[in-house]
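The values are calculated or read from the model by the stated rules, or taken from the named source; none is laboratory data. The shown structure was predicted, so the numbers you read here are calculated from the model rather than taken from an experiment. Cβ atoms come from the backbone with ideal geometry, glycine included; neighbour counts cover every protein chain shown. Each accessible area value is taken on the protein alone, full model and side chains, heavy atoms only, with ligands, DNA and RNA left out. Shrake-Rupley method; radii C 1.70, N 1.55, O 1.52, S 1.80 Å.
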Amino acid sequence: MSDTATVAPSVRKAGRWVFVSGIVLLCVWTLLPIYLLMVNALSTPEEVNGFPKSFIPSFDLSSLRFFLEFEGVLNALWNSIRVAVVTMILSIGFGAPAGYALSRFDFPGKEVFRFLVVMTRAFPLPLLALPLAVMFLRVGLDDSVLGLALVHTTLALPFAVLITYSLFSGIPFELEEAAFTLGCTRFQAFRKVVLPLAAPGIAASAVFAFVISWNEVFAAAVLTIKNRTLTAFLMQSLDWSPLHLKFAGAAALVLPALIFIFAVRKYLFAMWGIANR
Amino acid sequence: MAEIQIKGVAKSFGAFTALHSVDMTISDREFMVLLGASGCGKTTLLRIIAGLETPTKGEVWIGGRRVDHLPPKERGIAMVFQNYAVFPHLTVFENIAFGLRMQKMPQAEVQRRVHRCAELMHIEQLLKRYSGQLSGGQRQRVAVARALAMEPEVILMDEPLSNLDALLRLEMRSELKGVLAESKTTAIYVTHDQVEAMSLADRISVMNGGHIVQSADPVEVYRNPAARFVAGFIGNPPMNFLPAEKVGSGRYRVAGTDVAGPDTDTRIDYAIRPEDLTLAEPGQGLAATIRVVEPLGAHTLVTCDVDGASFRAVIDSDSRVNPGDRLSLAPMADRVRWFDKETGLSVQ
Ligand SMILES: Nc1ncnc2c1ncn2[C@@H]1O[C@H](COP(=O)(O)OP(=O)(O)OP(=O)(O)O)[C@@H](O)[C@H]1O
Ligand SMILES: [Mg+2]
C-alpha cells in the first residue's frame, strides 16, 4: 500500500483523473439525452418549439396530454403492450426449457445448438423482415399481434435461452437429485426446487424480452399497417407530427424500458452467475 | 425386508472405468461401511444403488425386486449426499420435511418426525434458518436428518459426518448407529475414517480402483487383510512389509532371520502390524535401528530401519528409547501375514 502511494503520486493522480473523466463522459453520454428528452416532454408545446431552451422543465403536462389524446396513440400503446406480453410469454415458454436442457443434458450437437442460438442474431432484421412480411401475408398473420410477436420472439429468444441457461447452470443438479431421492419426479423436482430458485432470474429475463419487443421498430413498421405498435406509430408520424408530440412519445417509450431494466439490473449484471440465495 | 444385491455392476464414464464388475450383497438391517481411497468409486456405487446413475452393466436388487430401471423415488431409499445438497430456498424445518410432504403426510406426523430427527442431530435450534445461515457441519447434519426423517428401508450415506469436529462426530456416530439399528434400516455408509468404519460397521467393504477388494467384518479385515492394499490402507500406522527370500520348502529369510512361511513357489512379502511386535533380547527377532520416536501417551511409535526398509513398531511408552538405538523386534508368530509380490493377494 505505502509504496504504491510513494512511488509515483503524479502517475496515480493522472490515472485517477482519467478514471473520473471517463465515468463522467459515460454518464453524460447516456444520461444527457434522457434528461433532455424528459425536459422537453415535461414542457409546454410552446417552450419545446421556441428557441432559447431551458434546462429546467416547467413540469407542464400539456405535451403529454396532447400526446395521449392524439388520434391512434392509445391504440398503438395497447398494441405495443400486447405484442410485448406475447413476446415475453413465447420467449420464456420456449427459452427457459431450452436453457434448462442446455444446462442439464448432454446431447449430440449441444455445442452446435448453442452456437446456432447465438447465430440467429447474425441475420440483420431487414433481411428477415421482408420475406417474413410476404410469408405472413400468405398465412394470414400479417398486421397481427401474434405475427409481430413471433418476429420479436426470434429477437428475444437467444437472450432468454442464454440467460436461463446460465441461471439453471448456477443451480447444482445435486439439489434436484436430492429431490429425486426424496420422492420427486423430474417435473416435481423442477417445480419444487429449481423453479423457486430460478424464478427471480426468469422474471428478469422475461422483462428483458418485454423490453426488446417494446423498443423494436423495424419489424413493427414493416409488418403492421393498421395495428401499429407505439414505436412504429411514432416513426410513421415522424414527418408530420409536431415536435412536442415526438418528445412526449419518446418519453412514453423510454420510461417503461428504463424502469424495467433498472428493476432487473441485478440479473442482467449477474447473468453469468447465480444471483439468488 | 430390504436386502441389497449388486450383481456384476460396472460403470464407465467414456473411456474411464469407474467400477469394474462389482458383486456385493448387503443383508437386511446390515450396516455396511464402504472404505477406500479418494476416487475409487464409492460415490459412483452409491449413486447407482440410488438410481442417480445408470450402470453400464449389471443389476441392482433391493428387497428382492430388480430396481435398476426404476427412478430413485420408487426404490425405497434415502441418501445423504457428499456435498449435503440442502435446499437453499427452504428453512431447515422444510428441508427435513421435504420428503414427508411429498408423501402427503399429515402435518402432526411431519412435525413429530422433523423434531425427532432434528433433536437427534442436535439442530433443533436451527429449524427456522436457511442453509445460507448454517455452517458446513450444520448443513451436513440437516442432510442426515432429512434422510432419516424418511424412515427408509435403505439409507445411503456418503461421508455424512466428515465435516464435524471429533467430539461431535463421536456422538453423532453412536446416535446414528442406535437409531438405524432401532429402525431396522439397511445402511451403506461411505467414510474415509477408519476408526469410524471399525466402530460402526457390521461389515466393511474395502474398495480400490473400482474393485471391491475385501468384504468382511471389521476385525477380520484388520487381522486378515485379503490383499496388500487392504493391509496398507487399514490400520494406523499401516502394516509393515519386508521382502522375503525363499531358502527352502516353507522356509524364508527375512531381514537376516529365518522364518517359517507358506509353502509356495510364488514370490512373497512378509507383513506384520506395528503393534504385533515385542521388544526382544539382542540377536532374537528383527534387528532395527531407530530413526524417529513419537510418544503417543499410551504407546510410543518408533520408526526404524530394518534391513534398509522403513519399519514401524508400537512399543510400551515406558521403554526409554532414542533415535540411533538398536532394537530387536520379535514378531508374534501367529500375526505374521504373507502377500504375493505380483498380485498383492494374501497367501496362506
Ligand atoms: N460424471 C463423471 N464423469 C467422468 N468421470 C467421473 C464422473 N463421476 C465420477 N467420475 C470418476 O469416477 C471415479 C470415481 O468417482 P467417485 O466419485 O465414485 O469417487 P469416490 O470414491 O466417491 O471418491 P471420494 O472419496 O473422493 O469422494 C473418479 O476417478 C472420478 O473422477
Ligand atoms: Mg465420493
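Is at least one residue of the range B:87-105 farther than 23 Å from residue B:160 by Cβ and either within 16 Å of ligand 2 (Cβ to nearest atom) or assigned by TED's automatic domain parsing to the domain that holds residue B:148 (or both)? Yes, that holds for at least one residue. If the condition is being in contact with a strand residue (DSSP E or B) (Cβ under 8 Å, 6 or more places away or on another chain), near ligand 1 (Cβ under 7 Å from one of its atoms) and either open to solvent by 20 Å² or more (accessible area, probe 1.4 Å) or under 22 Å from residue B:198 (Cβ atoms) (or both), then the range B:16-36 contributes only B:36. For beta carbons closer than 6 Å, sequence separation of 6+ or different chains, a first residue in the range A:221-249 that is under 20 Å from residue A:44 (Cβ atoms) and of a type in the set (Gly, Ala, Ser) and a second that is open to solvent by 10 Å² or more (accessible area, probe 1.4 Å) and in a helix (DSSP H, G or I), the qualifying pairs are A:248/A:64; A:249/A:234. Among the residues of the range B:1-24, those that are within 16 Å of ligand 2 (Cβ to nearest atom), away from every other protein chain (no Cβ under 14 Å) and either over 16 Å from residue B:39 (Cα atoms) or not small (Gly, Ala, Ser) (or both) comprise B:11, B:16, B:19, B:22. Answer yes or no as to whether residue A:40 is assigned to a helix (DSSP H, G or I), assigned by TED's automatic domain parsing to the domain that holds residue A:148 and open to solvent by less than 50 Å² (accessible area, probe 1.4 Å). For residue A:40, the condition - assigned to a helix (DSSP H, G or I), assigned by TED's automatic domain parsing to the domain that holds residue A:148 and open to solvent by less than 50 Å² (accessible area, probe 1.4 Å) - is not met.
Condition check for residue B:39 on (1) touching a Lys or Arg at 6+ places or on another chain (Cβ under 9 Å); (2) open to solvent by 30 Å² or more (accessible area, probe 1.4 Å); (3) in a loop (DSSP other than H, G, I, E, B): one failure, at (1). Annotation note: of B:146, B:113, the sole residue that is crowded, with 16+ Cβ neighbours inside 10 Å and more than 12 Å from every other protein chain (Cβ to nearest Cβ) is B:113.
Looking only at the range B:33-41, decide whether some residue is within 16 Å of ligand 2 (Cβ to nearest atom) and without any contact (Cβ under 8 Å) to a residue 24 or more places away in the chain. The answer is yes, given that some residue of the range B:33-41 is within 16 Å of ligand 2 (Cβ to nearest atom) and without any contact (Cβ under 8 Å) to a residue 24 or more places away in the chain. Residue pairs whose Cβ atoms lie under 7 Å apart, sitting 6 or more positions apart in sequence or on different chains, and linking a residue in the range B:1-15 that is open to solvent by 70 Å² or more (accessible area, probe 1.4 Å) to a partner that is aromatic (Phe, Trp, Tyr) and within 10 Å of ligand 1 (Cβ to nearest atom), do not occur here.
Residues that are more than 24 Å from residue A:70 (Cα to Cα), among the β-branched types (Val, Ile, Thr), open to solvent by 60 Å² or more (accessible area, probe 1.4 Å) and touching a helix residue (DSSP H, G or I) at 6+ places or on another chain (Cβ under 8 Å): does the range A:150-162 have at least one? There is at least one residue in the range A:150-162 that is more than 24 Å from residue A:70 (Cα to Cα), among the β-branched types (Val, Ile, Thr), open to solvent by 60 Å² or more (accessible area, probe 1.4 Å) and touching a helix residue (DSSP H, G or I) at 6+ places or on another chain (Cβ under 8 Å). Listed by first and then second residue, the pairs with beta-carbon distance under 7 Å, at least 6 apart or on different chains, first residue in the range A:55-67 and over 23 Å from residue A:31 (Cα atoms), second part of a loop (DSSP other than H, G, I, E, B) and modelled with pLDDT of 75 or more, are A:62/A:44.
On the stretch given as the range A:166-191, residues that are more than 8 Å from chain B (Cβ to nearest Cβ) and crowded, with 17+ Cβ neighbours inside 10 Å total 9. Go through the range B:50-68 and give me each residue that's of a type in the set (A, V, I, L, M, F, W, C) and either closer than 18 Å to residue B:83 by Cβ or assigned to a strand (DSSP E or B) (or both). Listed by number, the residues that qualify are B:50, B:52, B:60, B:61, B:62. When the criteria are applied in full, residue A:247 fails the requirement of being of a type outside the set (D, E, K, R), part of a helix (DSSP H, G or I) and open to solvent by less than 50 Å² (accessible area, probe 1.4 Å). Taken together, B:87, B:98 contain a single residue that is open to solvent by less than 60 Å² (accessible area, probe 1.4 Å), assigned to a loop (DSSP other than H, G, I, E, B) and within 9 Å of chain A (Cβ to nearest Cβ), which is B:87. Figure legend. Inter-residue proximity from the range A:147-160: first residues assigned to a helix (DSSP H, G or I), second residues among the basic types (Lys, Arg), beta-carbon distance below 6 Å, spacing 6+ or different chains. Indicated pairs: A:158/A:121. Taken across the range B:199-212, residues that are more than 14 Å from chain A (Cβ to nearest Cβ), in contact with an Asp or Glu (Cβ under 7 Å, 6 or more places away or on another chain) and either within 16 Å of ligand 2 (Cβ to nearest atom) or modelled with pLDDT of 90 or more (or both) do occur, with at least one present. Would you confirm, using the coordinates I've provided, whether residue B:307 is open to solvent by 80 Å² or more (accessible area, probe 1.4 Å) and in contact with a His (Cβ under 9 Å, 6 or more places away or on another chain)? In short, no. When restricted to residues that are of a type in the set (Gly, Ala, Ser), buried (at least 21 other Cβ atoms within 10 Å of the Cβ) and more than 14 Å from ligand 2 (Cβ to nearest atom), the range B:42-60 contains 1.
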